[in-house]
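Beneath this line is the structure, given in structure tokens, with notes to follow.
The values are calculated or read from the model by the stated rules, or taken from the named source; none is laboratory data. From a predicted model like this one, the values you see are computed outputs, not experimental measurements. When we count neighbours, we look across all protein chains shown, and the Cβ atoms used for this are built from the backbone with ideal geometry, even at glycine.
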Amino acid sequence: MTKEKEKFRTHLSEDELDHFEKVLKKSRKETKEEIETLKSSAEDVESNADDVQSGTDHHPGDVASDAQQKKTTFQLLEKQREKLKLIEAALERIESKTYGICTATGKPIQKERLEAIPHALHAIDAKKK
């Protein structure tokens, strides 16, 4: 293996990689469930908005509240989709033995950071920049 490729190899042991793989798979399952819940919630908001629009009484506060709820739901849904992408990418890095390496600097990501955010792409120093 060339020195350049070795630079990006994980510093974590097989046991640690197994641990993070389990954590990430659990997080992936929970994130997928949250996405489904948010999709259902978004559909409910859409359905309620249609009901409100078809009714004769339109209180401006209700319409604004529904619009805000819809916006919030879609923002949460997008965040969960982004998180799922990061989790999938982290699982790929485990498979390729590059997990735990900062994608910006090539330096190891602290284990404490990986415990807090298992799908982290950057070490704390790189994240601050």
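Note on the range 94-112: among residues that are crowded, with 17+ Cβ neighbours inside 10 Å and free of Cβ contacts under 8 Å to residues at least 60 places away in the same chain, the one that is farthest from H19 (Cα to Cα) is C102. Checking every residue in the range 88-101 against the condition of being within 17 Å of the chain's Cα centre (by Cα) and hydroxyl-bearing (S, T, Y) gives at least one match. Quick one: in the range 41-57, of everything that is surrounded by 11 or more Cβ atoms within 10 Å (Cβ to Cβ) and of a type outside the set (A, V, I, L, M, F, W, C), which residue is modelled with the lowest pLDDT? Only one residue tops the list, namely N48. Just checking, how many residues over the range 117-129 are farther than 14 Å from K22 by Cα and either of a type outside the set (G, A, S) or within 14 Å of the chain's Cα centre (by Cα) (or both)? So the count comes out to 8.
Pairing each residue of the range 36-51 that is hydroxyl-bearing (S, T, Y) with any residue that is at pLDDT 65 or above, provided the two are 6+ apart or on different chains, yields C-beta distances under 7 Å for S41/T73.
Conditions (1) in contact with a Leu (Cβ under 8 Å, 6 or more places away or on another chain); (2) under 18 Å from L114 (Cα atoms); (3) at pLDDT 95 or above; (4) of a type outside the set (A, V, I, L, M, F, W, C), marked per residue:
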{"residue": "D62", "(1), (2), (3), (4)": "no, no, no, yes"}
{"residue": "A67", "(1), (2), (3), (4)": "no, no, no, no"}
{"residue": "F74", "(1), (2), (3), (4)": "no, no, no, no"}
{"residue": "E82", "(1), (2), (3), (4)": "no, yes, yes, yes"}
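Filtered by the rule that a residue be buried (at least 20 other Cβ atoms within 10 Å of the Cβ) and closer than 15 Å to A116 by Cα, the range 84-93 gives I87, A90.
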